[in-house]
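*Asks:* Take this structure first; my questions come after.
Quick note: the coordinates plus some simple rules give every number you see, no bench work behind them. As the structure is a computational prediction, the values presented were derived from the model and not from experiment. Please note: Cβ atoms are built from the backbone with ideal geometry, for glycine as well, and neighbour counts cover all protein chains shown.
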């Protein structure tokens with residue numbers, strides 16, 4: 001099955017979510033792949049932690065909640081995913097945390113209609129957008145502009161630059177396209193100004209919404 005469209009991704013990862021021992025970062029870690037002690041993972045976490053100062057964070061592609069522990073400085077977390085079942089995993093993770101406000105939004109795959117305009121301080125997305133077709137991601141970029149506060153930031157993983165996977169994404173965004181889709185923000189990509197590289201193909205895109 002090709003994972004290069006929203007429909008197939010929803011079908012595949014939805015099934016993986018229900019398969020014990022497979023399909024999620026939390027399960028990979030439990031099976032001995034220690035991302036947390038990987039040097040690059042530590043660099044990614046450090047960059048995120050340096051640039052996220054608190055407030056409301058939107059976790060796009062929250063899946064099984066693997067990155068929820070990274071959001072300790074948040075006072076509100078908005079979990080967004082294609083799979084309603086994934087929210088049950090996250091509820092189990094945060095069951096003992098009574099200090100954070102949590103919202104859940106089930107997206108169709110290229111919109112954030114359930115999120116209020118100018119209500120988000122930071123958008124985080126890891127691995128979930130790397131096979132996103134151009135037109136669908138362009139719609140998401142417009143939504144980022146809408147939901148972010150002025151000065152809000154985003155740290156997302158996209159297909160950009162050379163790829164090495166046998167299941168490469170259908171489209172690798174050029175730096176020019178990335179800038180054009182986020183013309184409302186200041187953009188840097190992996191390798192620039194300390195923005196780290198992901199563990200595998202693609203790049204991280206770090207942006208800050210312009211004040212004007």
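*Asks:* Quote to one decimal, in nm, the extra length available between residue 176 and residue 38 on full extension: 0.36 nm per residue of separation minus the C-alpha distance between them. Kindly include the intermediate steps, with their values, before the conclusion.
*Replies:* Values: separation 138, 0.36 × 138 = 49.68 nm, distance 3.12 nm.
Length difference between fully extended and current span is 46.6 nm.
*Asks:* Next question, about the same structure. Counting pairwise Cα distances across the range 58-119, what percent come out greater than 16 angstrom?
*Replies:* On the way: 738 of 1891 pairs.
Taking all Cα-Cα pairs of the range 58-119, the fraction more than 16 Å apart is 39 percent.
*Asks:* If each of residue 84 and residue 100 carries a label point 7 Å out from its Cα toward its Cβ, how far apart are those two points in nm?
*Replies:* Output for this residue pair reads 2.4 nm.
*Asks:* At 0.36 nm per residue, minus the direct Cα-Cα distance, what do residue 135 and residue 116 gain on full extension? Give it in nm, one decimal, please. The partial results should precede the final answer.
*Replies:* On the way: separation 19, 0.36 × 19 = 6.84 nm, distance 2.24 nm.
Extra length available between residue 135 and residue 116 comes to 4.6 nm.
*Asks:* Could you order peptides 139-146, 106-113, 82-89 by the average number of other Cβ atoms within 10 Å of their residues, highest first? Spell out each step's value before the answer.
*Replies:* Working: 139-146: 18.9, 106-113: 15.1, 82-89: 17.0.
Highest to lowest by the protection proxy: 139-146, 82-89, 106-113.
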